[in-house]
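Engineer: Have a look at this one before I ask anything.
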Amino acid sequence: MSTMNPAQSFELPESVRAFLHQRHQLLVDGRWMPSATEEEFDVVDPATGSVVARVAKGGAEDIDRAVAAARRAFDSGPWSHMTGLDRARLMWRLADALEARIEDYAIVESVDNGKPLALAKGDMAGSIAHLRYYAGWAGKIGGETIPAQRPGNFHSYTVREPVGVVGAITPWNYPLMMIMWKLAPALAAGCTVVLKPPEQTPLSTLWMGEWIEAVGFPPGVVNIVTGYGDAGAALVEHPLVDKIAFTGSTDTGKSILRSAAATLKRVSLELGGKSPTVILPDADLSAAIPGASRSIFSNSGQVCVAGSRLFAHRSIFDQVVDGIADTARQLKVGPGLSPETEIGPLVSDEQFARVTGYLRAGAEDGAEVVAGGKAMDRAGYFVEPTVLANTRRDMTVRQEEIFGPVLCVMRFEDDDLASIAAEANDTIYGLSAYIWTQNLSAAHKLAKLIKAGTVNVNGGGADAAVPFGGYKQSGWGREHGREGIEIYTELKSVSINLG
């Protein structure tokens, strides 16, 4: 692969510099305030390892204040009593405000997360589109009339009501987008929200908080508490929180379930993945090879749906592996703000240590390094885009979610779809899968056999209108579409004896 100057030489706009240098506080009940302890923590540019901002370190007391504000705004404030149209108007105003500053937001996201600027711009556009999509749902959440089956003259119907106060805990790989995947449907449903953004990448969420104020959201409807895991734990355990919406690791998701059991609060979980890519012998390799490469190397492989296990038919295996390895070697690796960058750094020193640890383990277990395979000798948290062959089922690199630009490639010998699916399903996860074929029948049959919440054939990705979530240990519930807003509601049945 080609390398670039690690220095962030990009000239930041004045508006971005001013935002980064300001004092970043917590948003609680419509006011910005320091944490109860007045502690702060550093936000680091992963391309350089340098501190770019300092942010309030919220804890249990701050979560309590934020939850109380959200509770008041829901129980006695205007939000849950507003019409869907009025909520939608405010959501559209927020979308317009974010869109007017999309270039600056993308720069902040790139500095905060390390991702290439072009990818960050796409994330911002997707976040805004998601907000507008769910604004359209705000006045369309209804129940149904049900024909009664018992004797008598009964009129029975259902209604959907907002679940209440939502605690949203999100990851660092798509900072604002993952916030919006939860915030937008929760607001549209009439809920109030306490956001706990990731400590590695809190900046775009905090900046959004300024516009939530500016466009006129009532105090307490959206609260933002930055901090570490103790703040997230306090949010999960809080008795006045009605629902937790979480995206992150499977281990953390299990911990959330254990904590939420004490109050039986509603929980939705979007967790880990070890997604298979299956390339059948008739696939259009001019599309499949770049598609499979994007699936694992985009966002430096820090994607829950990354196609990190690739299965290719023996007749095309060498061509596929050579093509993806060539792509890995040619990708331009560098700081996200450099215009030529295609692969940015990993998000943090912790993630850097995690991914390089897997690279060492793979080599020690006997995996063949076809491309990449090591850290890069430069400032920042950079690793080489990597392709590993000759991996076995018992290897950690093949079974565990690495969350980095590391692909395990395997060949299959025959055309039996059941055996191919068995290989693809050999994981505790079931979030996503990718199939490349020109055989429509094979595509449908294999899609049915693969145990995953989303199966993409010949390309595709997340769509706000299409339900998204996983089988097995990849999570509970679905985001996006109708299902994505219904998880923020309670279903009530009403029966009236008409006499």
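Engineer: What percent do you get for the relative contact order of the chain when only Cα pairs under 8 Å and 6+ apart count?
Structural biologist: Reported as a whole number, the value is 19 percent.
Engineer: Across segment 442-484, how large is the tail of the calculated P(r) beyond 12 Å, expressed as a percent of all Cα pairs?
Structural biologist: 63 percent
Engineer: Let me ask something additional. Need one number: convex hull volume per residue for the chain, Cα atoms only, in Å³.
Structural biologist: Convex hull of Cα atoms, per residue: 153 Å³.
Engineer: Through the Karplus equation 6.51 cos²θ - 1.76 cosθ + 1.60, θ set to phi - 60°, convert the phi angles of segment 59-72 into ³J(HN,Hα) values in whole Hz; use x for Gly and Pro.
Structural biologist: For segment 59-72, the Karplus-derived couplings read x, 4, 5, 5, 4, 4, 5, 5, 5, 4, 5, 5, 5, 5 Hz, x marking Gly and Pro.
Engineer: With labels modelled as points extended 7 Å from the Cα through the Cβ direction, what inter-label distance (nm, one decimal) is found for S493 paired with Q149?
Structural biologist: Each label point is offset 7 Å from its Cα along the Cβ direction, giving 1.0 nm.
Engineer: While we're on this one: Please work out how much length the chain gains when fully extended from R72 to E483, using 0.36 nm per residue of separation minus the C-alpha to C-alpha distance, in nm with one decimal.
Structural biologist: Answer, rounded to one decimal: 145.3 nm.
Engineer: Ok, one more. For A418 paired with E210, estimate the spin-label separation in nm (one decimal), with each label point 7 Å from Cα along the Cα-to-Cβ line.
Structural biologist: About 6.1 nm separates the two model spin labels.
Engineer: Same structure again: In the full protein assembly as shown, how much of L491 is accessible to a 1.4 Å probe, in Å² to the nearest 10?
Structural biologist: Its accessible surface works out to 100 Å², give or take rounding.
Engineer: Counting only protein heavy atoms and a 1.4 Å probe, tell me what percentage of segment 423-499's accessible area is made up of carbon and sulfur.
Structural biologist: Taking all protein chains in place, segment 423-499 shows 53 percent carbon and sulfur surface.
Engineer: Sticking with this structure for a sec: Could you work out [θ]222 nm for the chain from helices alone, using -39500 (n - 2.57) per DSSP H run of at least four and dividing by all its residues? Round to the nearest 500 deg cm²/dmol.
Structural biologist: So the calculated ellipticity at 222 nm is -12000 deg cm²/dmol.
Engineer: Expressed as a rounded percentage, what relative contact order does segment 1-117 have, with Cα pairs under 8 Å and six or more residues apart?
Structural biologist: Result for segment 1-117 is 25 percent.
Engineer: By the gyration tensor of its Cα atoms, with a ≥ b ≥ c the square roots of the eigenvalues, what is the shape of segment 334-455: rounded for a/c under 1.5, prolate for a/b over b/c, or oblate?
Structural biologist: Values: a/c = 2.34, a/b = 1.73, b/c = 1.35.
In terms of gyration-tensor shape, prolate.
Engineer: Where in segment 216-304 are there chymotrypsin sites (Phe, Trp or Tyr not before Pro) that are in a DSSP coil and have at most 14 other Cβ atoms within 10 angstrom of their Cβ? The partial results should precede the final answer.
Structural biologist: Values: sites: Y228, F246, F297; in loops: Y228.
Answer by residue number: Y228.
Engineer: Once the piece of chain linking A60 and H81 is laid out straight, how much longer is it, given 0.36 nm per residue of separation minus the C-alpha distance between them? Let's see the in-between values first.
Structural biologist: Values: separation 21, 0.36 × 21 = 7.56 nm, distance 2.90 nm.
Here the answer is 4.7 nm.
Engineer: Averaged per residue, what accessible area in Å² does segment 352-394 show with a 1.4 Å probe, protein chains only?
Structural biologist: Per-residue value: 47 Å².
Engineer: How big is segment 107-220 by Rg and Dmax over its Cα atoms, in Å?
Structural biologist: Considering segment 107-220 through its Cα atoms, Rg and Dmax are 18.6, 66 Å.
Engineer: Count the DSSP beta bridges whose two residues both fall in the chain, then state the antiparallel fraction as a percent rounded to the nearest 5.
Structural biologist: 40 percent
Engineer: May I pose another question? Counting other C-beta atoms within 10 Å, and keeping those with at most 12, which DSSP coil trypsin sites (Lys or Arg not before Pro) do you find in segment 285-342? Each step should come with its number before you reach the end.
Structural biologist: On the way: sites: R294, R309, R314, R329, K332; in loops: R314.
Here the sparse-neighbourhood loop sites are R314.
Engineer: Taking only protein heavy atoms and a 1.4 Å probe, what accessible area per residue, in Å², does segment 170-287 have with all protein chains in place?
Structural biologist: So segment 170-287 comes to 26 Å² accessible per residue, rounded to a whole number.
Engineer: Right, here's the next one. Within straight cross-link reach of K492, meaning Cα distance under 23 Å, which lysines are found once same-chain residues fewer than 8 apart are removed?
Structural biologist: Straight-line reach from K492, under 23 Å: K140, K182, K243, K265.
Engineer: Here is a further query. Give me the three principal axis extents of segment 37-181 from the C-alpha atoms, as integers in angstrom, largest value leading.
Structural biologist: 73, 38, 26
Engineer: 5 Å is the cut-off here: which amide hydrogens, built 1.01 Å from N in the peptide plane, fall below it relative to F412, excluding neighbours closer than 5 in sequence?
Structural biologist: Sorted by chain and number, the residues that satisfy this are A312, H313, R314.
Engineer: Could you list which residues have their amide H under 5 Å from that of V303, counting only those 5 or more apart in sequence or on another chain, with H placed in the peptide plane?
Structural biologist: Residues meeting the criterion, in which the H sits 1.01 Å from N, do not exist here.
Engineer: Taking R0 as 22 Å, what FRET efficiency do you get between S315 and D463 from their Cβ-Cβ distance, rounded to the nearest 0.05?
Structural biologist: E(calc), rounded to 0.05, equals 0.10.
Engineer: Still on this model: If you count only protein heavy atoms with a 1.4 Å probe, what accessible area per residue comes out for segment 1-124, rounded to a whole Å²?
Structural biologist: Details: 5460 Å² over 124 residues.
Computed with neighbouring chains in place, this is 44 Å² per residue.
Engineer: Could you check the simple spin-label distance between Y157 and W92, using points 7 Å along Cα→Cβ, in nm with one decimal?
Structural biologist: Here the modelled spin labels are 2.7 nm apart.
Engineer: Filter the cross-link list K196/K254; K274/K374; K121/K451; K115/K332 down to pairs whose alpha-carbon distance in this structure exceeds 23 Å. Mind dumping the intermediate values first?
Structural biologist: Values: K196/K254 18 Å; K274/K374 21 Å; K121/K451 32 Å; K115/K332 12 Å.
Where the Cα-Cα span goes over 23 Å, the pairs concerned are K121/K451.
The values are calculated or read from the model by the stated rules, or taken from the named source; none is laboratory data. In this text the structure is predicted, and so the values were computed from the model without any measurement. Every residue, glycine as well, gets a Cβ built from its backbone with ideal geometry; the counts of neighbours run over all protein chains shown. Quick note on the areas: whole protein, heavy atoms, side chains included, nothing else; ligands and nucleic acids left out. Shrake-Rupley method; radii C 1.70, N 1.55, O 1.52, S 1.80 Å.
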